[in-house]
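**Student:** Pasting a structure here, questions to come.
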Amino acid sequence: MGRIHTLDQTVADKIAAGEVVERPASIVKELVENSLDAHATQIHISVDEGGIKRVQIEDDGVGIYPDDLRLAVQRHATSKLQNPDDLFSIGTMGFRGEALASVSAISRLSINSRVAESDAAWELQIEGGLEVRFGPKARHIGTTVQVLDLFFNTPARRKFLKKPSTEFRFIADMVRILAIANPGVSFRLTHNKREVENLVAVEEPGLRVNKILGDSFVEDAIELDVARHEMHLFGWVGSPNFTRSNTSRQFFYVNGRHVQDHLIAHAVRQAYRDVLFHGRHPMFVLNLTLNPHEVDVNVHPTKREVRFRDARSVHDFLMSGIHHQLRSPRPGGDHDVPAEFVTLETPPSNTELESSYVSSLNLPLPNRTTVQTHSTHRSHDVSTDNSPAAEQSEVRVPTANREEIPALGFAIAQLHRAYILAENADGLVVVDMHAAHERVLYERMKRDRNQHHLGTQRLLIPVSVHVPPEDAALVEESSEVLAEIGIMMERSGPSSVIVREVPALLTNTDVEQLAVDVIEDLKEFATSDAITVREDKLLGTMACHSAIRYNEHLSIDEMNALLREMEQTENAGYCNHGRPTYRTQSLKDLDRIFLRGQ
């Protein structure tokens, strides 16, 4: 290693540019954000060869004064910050004054701009950081920035770019990300002189989301609008049956800025935790607004991540807000259930799992009447009225009054002892009886667990866990949070903690691993869901093993009992593994299939 020396300015500029400009899409992001900060209402993005050969952004914003053009390409020159305090209350997309300087260092850049007070536009041309022209040029009010031959003077960086079609896909995605957050601005995107996207300005944000994600998303999504203190979350969350194999259709904005933050991602995952099919990812468009003083956007070179002053409050607000909206819809909503219909009770008492569940929560066994179906199948515990009508298990014919017909209708048959066929006011309802019963039991177990306030079990032999000193200090500081989630853990030394109590459901778990997971959550999110995740997994297993099995016969009354329970159960449309529990087929669709009336 040689002696320390100062880097040449050209080299330093190229290094700094590498932090801001990863690929052509990065340039599009930075320049379009500049246009938005300039109050543009129309933005035209034109690229050639995936942006590698040319990127041009044209807007109708307020423009740049001729005397400021040369200053605009200097590093850390900006019009968006006036004093140090402004850095902690940022209301613009850009603020560092690095974008134009970075782009000019690794490309052939030209800026042509005109302000309303000027009679003519002026253009500045830069090649590899060096000025080659500055003079007047015709243009209407606004700014055009053109970037040619990206990385022409850093060929090593250029080799890392993908093929033009791939780079253009990144650009198109970036334009859509920016367009969703700014529905009042028109965006036009062309590639190799061919128009690819033309998004006209709209007043209603849902229309812009419709245009980009498709009508099917908004039709199937749940609109969300919740507020707490100074935080406001609004947008759309996709229902659990509208998912993708990746996260490419997840759009989250903080004060209008698109971010990909680990705390936000964790909160969303927790909200969807037990309604998504494994390996699938939800779709959503959400915008969180809060006081700019409560969020720091200056923590990542590309402003992709943010840091919240009160991370735990933000995390809990996001998770509870989304979780509540996902749980609200039920088949038919909350409505009165006729008293004549029987109610399916808790899991069969003859299973070993249920005995463990009841004893661990210290719950009394419910009173049940066992109804024998067929001698070749086990009994189902169903609360019945012992009336002759109930014993005969007659098929109930729906009344003519549509308002009196429950959302999931009345059972008419069992198909292959796996599905319940029911008739409602609109047509046919097909129910997966195992998945539906599993959800009913799972939600009841969680409700019972919550009502008993996370009963804890004192360990006969406390478990000592070796941890880094900073983790031990964190445990010492987080006693209240730990008590809230049902674990008694305290510092026992400079690099050790001791676990004395855990939730009753988890007495047989790996306590040491549980403690480590809880501490990791505390470091990342200022809270922990490790306890709840483990408990829910155990309850889900119990519900799955206790639910009605395939090839089991149900009487009509038992089928109707399950349908009525579903109508009163949150998340009844999906089992806790994310599989759908029922599907409907309207009479109109059936008539079309069989060509009736044609």
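The values are calculated or read from the model by the stated rules, or taken from the named source; none is laboratory data. None of these values were measured; they are calculated from a predicted model. Counting neighbours? That spans all protein chains shown, and the Cβs are built from the backbone with ideal geometry, glycine included. Quick note on the areas: whole protein, heavy atoms, side chains included, nothing else; ligands and nucleic acids left out. Shrake-Rupley method; radii C 1.70, N 1.55, O 1.52, S 1.80 Å.
**Student:** Can you check how the C-alpha radius of gyration of the range 466-553 compares to 2.2 N^0.38 Å, as a plain ratio?
**Tutor:** 1.34
**Student:** With an 8 Å Cα cut-off and a minimum separation of 6 or more residues, compute the relative contact order for the range 490-568 in percent. Before the final figure, lay out each step's value.
**Tutor:** On the way: 26 pairs, mean separation 13.7, N = 79.
RCO, the range 490-568: 17 percent.
**Student:** Still on this structure: Considering the options Leu288, Val254, Leu276, tell which one lies farthest towards the positive end of the dipole of the range 247-308, charges being +1 on Lys and Arg and -1 on Asp and Glu at the Cβ, about the Cα centre.
**Tutor:** Among Leu288, Val254, Leu276, the one farthest towards the positive end of the dipole of the range 247-308 is Leu276.
**Student:** Let me ask something else. Could you compute the FRET efficiency for His232 and Glu524, with r as their C-beta to C-beta distance and R0 at 35 Å, rounded to 0.05?
**Tutor:** Working: r = 24 Å, r/R0 = 0.70.
For R0 = 35 Å, the calculated efficiency reads 0.90.
**Student:** Related question: Normalising by the residue count of the range 477-519, find the relative contact order in percent from Cα pairs under 8 Å and 6+ residues apart. Numbers along the way, then the final one.
**Tutor:** Values: 31 pairs, mean separation 11.5, N = 43.
Averaging sequence separation for qualifying contacts and normalising by length gives 27 percent for the range 477-519.
**Student:** Hey, rough spin-label estimate for Ala138 and Val430, points 7 angstrom out along Cα→Cβ, what's it come to in nanometres?
**Tutor:** 6.7
**Student:** So, one more: How large is ³J(HN,Hα), in whole Hz, for each residue of the range 113-130 in order, when computed from phi with the Karplus curve 6.51 cos²θ - 1.76 cosθ + 1.60 and θ = phi - 60°, using x for Gly and Pro?
**Tutor:** 9, 9, 9, 5, 7, 9, 7, 9, 8, 10, 10, 10, 10, 10, 10, x, x, 10
**Student:** Relative to the compact-globule scaling 2.2 N^0.38 Å, provide the ratio for the alpha-carbon radius of gyration of the range 455-507.
**Tutor:** It is 1.09.
**Student:** Right, another one. What ranking of Phe277, Phe410 comes out by heavy-atom accessible area, probe 1.4 Å, highest first?
**Tutor:** Largest accessible area first, the residues go Phe277, Phe410.
**Student:** Loop-only check: which GluC sites (Glu not before Pro) in the range 210-309 are DSSP coil with at most 12 other Cβ within 10 angstrom? Before the final figure, lay out each step's value.
**Tutor:** Details: sites: Glu219, Glu223, Glu230, Glu294, Glu305; in loops: Glu230, Glu305.
Of the GluC sites (Glu not before Pro), the ones in loops of the range 210-309 whose Cβ has at most 12 other Cβ atoms within 10 Å are Glu230.
**Student:** With label points built 7 Å along Cα→Cβ from the Cα atoms of Gln42 and Arg596, find their separation and express it in nm.
**Tutor:** Going from the Gln42 label point to the Arg596 one covers 5.4 nm.
**Student:** Could you give me the ³J(HN,Hα) list for the range 490-503, computed from phi with Karplus coefficients 6.51, -1.76, 1.60 and θ = phi - 60°, whole Hz, x at Gly and Pro?
**Tutor:** Running phi through 6.51 cos²θ - 1.76 cosθ + 1.60 with θ = phi - 60° gives 9, 6, 10, x, x, 9, 8, 10, 10, 9, 10, 9, 9, x Hz.
**Student:** Now for a separate question. I need the fraction of alpha carbon pairs in the range 179-263 separated by more than 16 Å, rounded to a whole percent.
**Tutor:** Counting pairs separated by more than 16 Å, the tail of P(r) holds 63 percent.
**Student:** Another question, then. May I ask which of Lys162/Lys523; Lys29/Lys53; Lys303/Lys537; Lys162/Lys303; Lys211/Lys537 have a Cα-Cα span longer than 27 Å here?
**Tutor:** Lys162/Lys523; Lys303/Lys537; Lys211/Lys537
**Student:** Distance in nm between label sites at His76 and Ser320, each 7 Å beyond Cα in the beta-carbon direction?
**Tutor:** Taking the simple label geometry, His76 and Ser320 are separated by 4.2 nm.
**Student:** I'd like the Karplus ³J(HN,Hα) series for the range 526-539: coefficients 6.51, -1.76, 1.60, θ = phi - 60°, whole numbers in Hz, and an x wherever there's a Gly or Pro.
**Tutor:** Result, ordered by residue: 6, 8, 9, 10, 4, 5, 4, 4, 5, 5, 5, 5, 5, 5 Hz.
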